[in-house]
Amino acid sequence: MSDAPSRSHGRVSVTASRRPSELMGERPVLKDAWHARVVTLFPDVFPGVLGASLTGRALQEGVWQLHPVDLRTFGEGRHRNVDDTPAGGGAGMVLRADVVDRALRHAMRGAPMDRAAWPIVYLSPRGKPFDQATARRWSAARGLTMLCGRFEGVDQRVLDEWEIEEVSLGDFVLTGGEIAAQAMIDATVRLLPGVLGNEASTEEESFARGLLEAPHYTRPAIWNGRDIPEVLTSGHHGRVAAWRHSEAERLTRERRPDLWAEYLANRGDDDA
């Protein structure tokens, strides 16, 4: 039996559902907000740090919405099992395709199936490394759905069925995807219009122009015998901008040769 169509009431989109009552304790969906839906075995860890500071204020103001989806709810049997032993043998357990599929169907209700408008992401150490370009792409979408892995991983069939994008926070392994999800959501939400207040902030920080960010200084003018660079107190905006750009290039060249090579290639410069 299919769900009834949604009806719009201003910013709130209301959907009639024949789902079990335990799934109905969700907040109304704000139509013009950016949405993060997170399928997880630990919904209580959200919003976590996302509920603090600028992202927390934006969450309260409805700039974006967070919808944790409890994977255990969709488990099998009386104990709501979500995993089983790996085919072919081996250590650990694997999240079942049928369980994850049910959770994703619930999480994707009312969302477009166009992956450009609404990516579906599996947090995985074997995924493509997360970067600022990915955060910008996600922030331009209407929202995204994240699947937080646990145990040995997720049955490949459900990843293929849903054409899920695998993304990694880095070359290390966590016990689950929840920390990675919060980090990636934070990086994305801060790019939404109005979250930072000063849009120029995102244009000057690391990775925005392919370079690391220049050093920062503030009062006191002298601390432990160390001065603020004279150029930053000169009041000459052109010199300040040139110094920051030069320092950004220096730091990128010294610390991230991979980014430096890409920067030079994009600039059409062969000198490394």
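Each label was represented as a point 7 Å from its Cα along the Cα-to-Cβ direction; for A183 and R109 these points are 3.3 nm apart. Our helix-only sum for the chain, with -39,500 (n - 2.57) per DSSP H run of n ≥ 4 divided by its residues, gives a mean residue ellipticity at 222 nm of -8500 deg cm²/dmol.
As a rough guide to protection, the peptides 105-114, 143-152 ranked by mean Cβ packing within 10 Å, highest first, stand as 143-152, 105-114. Here I222, I179 are placed in order of increasing Cβ neighbour count within 10 Å, fewest first, which gives I222, I179. The angle between the Cα long axis of helix 237-255 and the longest principal axis of the Cα atoms of the chain comes to about 60 degrees, rounded to the nearest 10. The angle between the Cα long axis of helix 178-189 and the longest principal axis of the Cα atoms of the chain comes to about 60 degrees, rounded to the nearest 10.
Distance from the Cα centroid of the stretch 145-170 to that of the stretch 63-91 is 12 Å (rounded to whole angstrom). Approximating the spin labels as points 7 Å out from Cα along Cα→Cβ, the D269-to-A241 distance works out to 1.7 nm.
For the stretch 6-189, DSSP calls about 30 percent of its internal beta bridges antiparallel. By the beta-carbon count within 10 Å of each Cβ, the least crowded to most crowded order of Y263, Y122, fewest first, is Y263, Y122. Taking the Cα atoms only, what angle lies between the long axis of helix 97-107 and the longest principal axis of the chain, rounded to 10 degrees? Its long axis makes an angle of about 70 degrees.
Bear in mind that the values in this text are calculations on the coordinates, not laboratory data. Because the structure is a prediction, the values reported are computed rather than measured. Quick reminder, even Gly has a Cβ in these numbers, built from the backbone with ideal geometry, and neighbours come from all protein chains shown.
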